[in-house]
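One structure below.
The values are calculated or read from the model by the stated rules, or taken from the named source; none is laboratory data. Owing to the predicted nature of the structure, the values given are computational and were not obtained by experimental measurement. Backbone-built Cβ (ideal geometry, glycine too); neighbour counts: all protein chains shown. Please note that ligands, DNA and RNA were not included when accessible areas were found on the heavy atoms of the full protein model with its side chains. Shrake-Rupley method; radii C 1.70, N 1.55, O 1.52, S 1.80 Å.
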Amino acid sequence: MRVCVGTTVHHPEDARIMHRQIRALLDAGHEVTYVAPFTHFNVTPAMGLTAIDVPYRAGYGRAGAALRRGAAGADLLMVHDHALLRALPHRRPPVVWDVREDVGARRLDRARRRHHLCTPELVPDATFAATAPQVPGDTRVVHLGRLSAERGVAELIALAGRLAPHGIRMDLIGTADPAVRPLLRDAQRVGLLDWFGYVPNRHALRMTGGALAGLSLAAPEIEGVPAKVLDYMGRGIPVVTTPQAGPLVERVGCGVVVPLDVAAVTGAVLDLKEDPARRSALGARGHAEARLRHHWPDQAAAFVARLEGWAGVTAPARPVTV
């Protein structure tokens, strides 16, 4: 099967796109053409795939031209931005839209009549759960993933200032929107936190290990469980989250749900610092859940099989080991 995967807004090394979906397709023996903003993010494409560079947030003309090149001869076209649905080539294979954001029921219904939808209900988000996670420590908290105003950058910076006198540092791992980069640089310059910028997924996950807690301070307009919450669970560290991930965290018993309020988050983190037994129990429950229900290697084959079905092709023959 030949698959064209396209995005103009996500980092080419996005964990969901590159390290889970594309890697699963390549491992299954399929060919992948990847349309993504490689130059904008200064990324060298991974070996094993065909890369087509496209400007970041490219307009319909340039995005459409890139998709036409990528989809030529493909069995399936998978896009990760809603805007790309308006730039699809006229002659194209079946289209899959990987839906992450809340786009409204009417827009989903309209897209569903024309294309296949890869939704969290159909293909749940997942992580690479550690085999044997580190025991949560008490000297640092971490935030993994994109940094933006709606993902709580102002609150994270204020929180870092409140935690520093208690001997707790903050590690921020991920790219940042242009509007918040000056705030992060200033906070790092005065020693409030460490901002590492983009880090490859496998290394970023390892960097979270042994933290006191993993933070997810999304604003109310961010819907659904942020992927970072599953990553924290997979690494066996307690989760401190705003209500978006509340039902999951409370059901599993793997963390603390707080309002988007710096004082409340500070109190939750300091309570965890003073209770190592509780930290370990929360982390262990989260890890067990991630390993059982959200471990990507257990879901990759089903994801690939669904794409093969949508493309109307059979799986490639694999050598038999004797």
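The largest accessible area among 97, 195 belongs to the first residue in 195, 97, and the rest follow in falling order (1.4 Å probe, all chains). Shape analysis of segment 127-174 places it in the oblate category; the axes a ≥ b ≥ c from the Cα gyration tensor give an a/c of at least 1.5, with a/b not above b/c. Roughly how tilted is helix 153-163, in degrees to the nearest 10 and between 0 and 90, from the longest Cα axis of the chain? Long axis of 153-163 versus the principal axis of the chain: about 30 degrees. Farthest towards the positive end of the charge dipole of the chain, among the residues 236, 46, 170, is the Cα of 46, using unit charges on the Cβ of Lys, Arg, Asp and Glu. Stretched out straight at 0.36 nm per residue, the stretch from residue 27 to residue 154 would grow longer than its current Cα-Cα span by 41.7 nm.
Every helix of 4 or more DSSP H residues in the chain counts as -39500 (n - 2.57), and over all residues that averages to -10500 deg cm²/dmol at 222 nm. What the phi angles of segment 165-173 give under the Karplus curve with 6.51, -1.76 and 1.60, with θ = phi - 60°, is a coupling list of x, 9, x, 10, 9, 10, 10, 10, 10 Hz, glycine and proline written as x. Judged by the ratio a/c of the largest to the smallest principal axis of the C-alpha gyration tensor, segment 1-118 counts as rounded, that ratio being less than 1.5. Over segment 122-215, accessible surface divided per residue gives 43 Å², non-protein components excluded, 1.4 Å probe. Each part gets one Cα centre, and for segment 164-227 versus segment 74-145 those centres are 22 Å apart.
Shown here: volume of the Cα convex hull per residue in Å³, derived from the displayed model; of the candidates [x] 135; [y] 160; [z] 148, it corresponds to [x].
Ligands, DNA and RNA left out, the accessible area of the chain computed with a 1.4 Å probe is 52% carbon and sulfur.
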